[in-house]
Every structure is written in C-alpha cells, then in structure tokens.
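Structure, as structure tokens:
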Amino acid sequence: MTSTVKFSLVAMIAVSVVSDAMLLPFYPQFFEAVFSVTEPRQVGFYLGATCFVVMLAFPLWARIARSVPVIRLLIYTQFAAGVLSILCHGAETLRDFWLVSLLMLVFKASYLLIYPHIMRFEQQEKHSGTIGLLSVIVHLGAIVGAGAGGFVLQWFEPRQVFLLMAAGDFAQMFMCVFLPGKAEPAARAEPREQPAPATGRPASGRVYKLGLIMLLFYFSIWLVRPFFSRYWQSISAWDGEIVSGLVFAIPGVMAFLALCLKNRAIGKTGLVPAVFSGICGLLLQASQQEAVVLAGRCLYGWALFHATVRLDSLLFAISTPASYAADFSKIYFFQSLGALLAFFSIGPLVASRGLQMPLIAGASGWLLTVLLYSLLFKAGSKSAAAVMKTS
C-alpha cells in the first residue's frame, strides 16, 4: 500500500469519526431540543439501538467485502448514508427519526472496513505505530466533532448537524471514487502471510477470549460518555455546549500527546499500568471539582490511549492478515455488545443515582477488565507476552 493510498484511507477514517462525534456528547440535549424528550432512559435506549444496528451490520459488510473490493463497496454505502443523513434532518417525528437514523447507521457501519484494510497491508513491526496513529485520529476526530456539534447546537437549529454529517459521507464517497485506480493494484497483491501464533491453541479461541475483555472494556468506556457533558454542565459555570464539548474531547488531546511521545511512551506503558491510571482518572473526574475533573480527564485520556493500543495490538498479534477483517468484525461485535449493555444501563443508572455514578461504575469496570485479562491471558502466553511485555 502506497503512502498516498494510506493517507487517503486515514483521512476517510478521520472524516467518519468527526461525523460520528458531532452528536455523541449531546444526545440528551438534542432529544430535548428537537423532540422534547428529557427522560434519560429514552436516550439510553436510542444509543443502545444504534449500537445494536452497527453491531449487526458490520459483520455483514465484512462478509460482502470478501467478494466486493472494499473501496468500491464504500462508494455505494457512503452515498446511501449521505442521503439518509439528509432525511434525518427532515424527520418530523421521533418515530421517523429512529427509523431513518438507524437505517443510516447500517450503511455508515461499512466505513469500519477501512481499519482492517489498512492493517492487512502493514508489516507486523509497524502495527503498533499504525494502531497508535489511528487511535489518535479517532480522538482528534472526537475533538473536532464535539466542537462542531456543540457549535451547531448552541448557535443553530440542532437538526443541521445531520447536514454536516451528510457532507462528510459524500466527501468519503468522492474520495473512494478516485481511490480504486491507485488502491486496487496494491489490494490485488496478496500481503506477506504471517504464521499463526505458536501458542498450541487455536487463534480463534484467543480472539474470543480477547472479545470478552473488549466487551467489559468498552462497557466501562461507554458508561462514561453519554452523560459526561451533562455532568460537566452540572458542576461548572462554564456550561455552554462548546466548552462542554471541548472538555468531553480532552482525551483526544492526550492521545495526540501520547503519540508524539510514542518512542518513549507506547513502548513502556503496559496494559495493567494504563488501566490503573485510567481508574484513577475516572475517580478524579467523579470529584465534582472543576480543576480536579480536568486533571482526571487528562489522566483518563492518557490511559485510554495506551490501553486501547495494547488491546488492538494483541488482536493483530494473534490473528493473520488473511483473517484480519473477519477477526476484527468478531472483536467489534464484542465491543459493540459492551457498548450496547452500557447504553441500556446508563439511563436507569443516571435516573436513580445521578450524573456522577457512571464515572464510579466505569472505574469498577476497568478494574474488572484488568482482572479478566490476567485470568485469560496468562504470563506464559507467547503472543500476549510479545505485545504486552511491559504489563
């Protein structure tokens, strides 16, 4: 894969993440402003439904991609997503919005194929660096998306967010139109096959073990996200949507700093230290003191970046290039299931325990994650040791 093609694919991921992040911190505010829905459970149910749809759609696209080139497939799916985003802008009732937005997400889910497509043509020794780069793109995209979403919600009609999303979908479509001529030659050349890890156990079994860890990890992450901007607005005098969105996106800044220091940080920060740092960051954010919350947000962002890179690296260490898309779709299913469980839990949790409780519950989830990792991936595992050598 040439550097130009890789840059284009990374740019597509960036556009997708920005689009997805526009409403992510503001769904409670969006539903209240547009549909007069103030019940936290309703917001949680909608987020759970979106996660469920993507969880089912992505494996379908991964299967279709076995016979249809990824870039060509994305031309059609992103066009459909753009059209449906425009229809979301025009939805007048909550029922219509649910139907159209969920259908939009079916097509949007196809962009997730870009991640394993990039990794398939990367050499093994470059995996950690590429995973770190993509993780930073996701976090920085969250900053831009949250800022753009907060700006629209504060100064314009909230539905206009979907017009920006449609623009992002069409931008990806046009990028794909001009990519195949450059990308397909690289795609036809089979990448150098790597042997399966010599652990004495099937790689698929280890993928499912990693999936269980990912389920708990992403459950803990998504417990924190949906109502964090509301939590910040409840404790701070700086409670506008723009500021709230930027505070929400602080982990993206920390991910960027971590990538800049990757030669020292990524190689020396293992999963276990990262997780315990994340637990401390979450508990600091639960303090309800503005300065302490900001400090905890920074620590949490640093920890989240390193923990995510470690876990993703483990996936590509126990899989093979020919299986990357299939194994990534399995892992994404577990990640989405964790998010789905979080979305269905967050509404009742906030309604009964308040906006602070998701942070405490998230810290507990991170603790269980590291315990489960220690149980399922023992020190004697060669592939785990290679990737998690500093854990």
Within region 1-129: Cβ-based charge dipole about Cα centre, in debye rounded to nearest 20 (Lys, Arg +1; Asp, Glu -1): 520
Paramagnetic reach from residue 83 in region 94-112 [backbone N under 13 Å; point 7 Å along Cα→Cβ]: 104, 107
Size of charge dipole - region 221-351 - debye, nearest 20, with Cβ of Lys, Arg +1 and Asp, Glu -1, no other charges: 340
Hull surface divided by four, with the convex hull built on the Cα atoms of region 59-103: how many nm²? 3.4
Rg and Dmax of region 1-98, Cα atoms only, in Å: 16.3, 49
Using only Cα atoms, what is the ratio of the radius of gyration of region 114-175 to 2.2 N^0.38 Å? 1.48
Using alpha carbon positions and the Kirkwood radius, the Rg to Rh ratio of region 301-376 is 1.05
With T = 20 °C, eta = 1.002 mPa s and Kirkwood Rh from C-alpha pairs, the Stokes-Einstein D of region 209-356 in µm²/s is about 131
Dipole in debye (nearest 20) - region 1-73, about Cα centre, beta carbon charges: Lys, Arg +1; Asp, Glu -1: 480
Fully extended contour minus Cα-Cα distance, from residue 92 to residue 234, at 0.36 nm per residue: 48.1 nm
Using a Förster distance of 30 Å, how high is the FRET efficiency between residue 39 and residue 295, based on the Cβ-Cβ distance and rounded to 0.05? 0.40
How high is the relative contact order of region 1-132, in percent, counting Cα pairs under 8 Å that sit 6 or more residues apart? 30
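Coordinate-derived values only; no laboratory data. These numbers were taken from a predicted model, which means no experiment stands behind them. FYI the Cβ positions are ideal-geometry reconstructions off the backbone, even for glycines, and counts take in every protein chain you see.
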